[in-house]
Amino acid sequence: MSVTFKEMMSPSLTEEYPDKLPRFEERYRGKHVLQRDENGLEKCVACFLCAAACPADCIYIEAAENTEQVRISGGERYAKVYNIDYNRCIFCGYCVEACPTDAITHGHGFELASYHTASLIMRKEDMLAPVPPNARPVIVTEAPEDASH
Ligand code: SF4
Ligand code: SF4
């Protein structure tokens, strides 16, 4: 009874979710974030190492080449398609550890529950970090005109 009375007098630790969001530890493994560099370019260079390291085989990537006209990432290639299937992801963090460019990290997003499995397949656009406010704009030059015209 002494424990009960002691607990009755101590302040409540109940979080008023969703009015007040829970606190997360720095290393909490939530929904992934695809990071950008300081210039706003995507850090992912489509090397497929994260997909190879994933034990649940839930990362799907399609690579494409950067060109002089369109530069998406700082490397030769970028991920044109980058999907993670959260029906299968076990939040093990192996993809984060495998990434050589720190392009993929775990964020603190946790509200992933859904009645529809299709909505648990996140696309690159769902995970991409916003462009930093002080990023230098990426210069996209005009494509050279076709000589046949
Ligand atoms: S956290 Fe683990 S299971 Fe989820 S995508 Fe990364 S490697 Fe795969
Ligand atoms: S997220 Fe990292 S490991 Fe995965 S393809 Fe992109 S650069 Fe490679």
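Only the coordinates and a few stated rules stand behind these numbers; no lab work does. Remember, it's a predicted structure, so these values are computed and weren't measured experimentally. When we count neighbours, we look across all protein chains shown, and the Cβ atoms used for this are built from the backbone with ideal geometry, even at glycine.
Which semi-axis lengths, in whole Å and largest first, follow from the square roots of five times the eigenvalues of the Cα gyration tensor of the range 29-73? Could the numbers behind the result be given before it?
Details: eigenvalues 103, 43, 10 Å².
They are 23, 15, 7 Å, listed from largest to smallest.
Return the long-range amide H neighbours of Arg77 (sequence gap of 5 or more, or a different chain), with a cut-off of under 5 Å between placed amide H atoms.
Asn66
Lone cysteines in the chain, going by a 4.7 Å Cβ-Cβ cut-off?
Cys44, Cys47, Cys54, Cys58, Cys89, Cys92, Cys99
Test of understanding: given the chain, find the longest segment containing no GluC sites (Glu not before Pro) that are in a DSSP loop and have at most 14 other Cβ atoms within 10 Å.
Working: sites that count: Glu15, Glu16, Glu25, Glu26, Glu38, Glu68, Glu76, Glu111, Glu142, Glu145.
Longest run free of exposed loop sites: 77-110.
Under the Karplus relation 6.51 cos²θ - 1.76 cosθ + 1.60, θ = phi - 60°, what is the ordered set of whole-Hz ³J(HN,Hα) values for the range 56-69, x standing for Gly and Pro?
So the J values, rounded to whole Hz, are 9, 6, 10, 9, 10, 10, 10, 8, 9, 8, 5, 10, 5, 7.
Tabulate in residue order the Karplus-calculated ³J(HN,Hα) for the range 94-108, using 6.51 cos²θ - 1.76 cosθ + 1.60 with θ = phi - 60°, rounded to whole Hz; enter x for Gly and Pro.
4, 4, 5, 5, 6, 6, x, 10, 6, 7, 10, 9, 8, x, 10
Taking a cut-off of 27 Å between Cα atoms, list the lysines near Lys43, but don't count ones fewer than 8 places away on the same chain.
Answer for Lys43, where 27 Å is the Cα cut-off: Lys31, Lys80, Lys124, listed by chain and number.
May I ask for the Rg/Rh ratio of the chain, computed from Cα atoms with Rh as the Kirkwood radius, given to two decimals? Please report the intermediate quantities before stating the final value.
Details: Rg = 21.1 Å, Rh = 18.2 Å.
Radius of gyration relative to Kirkwood radius: 1.16.
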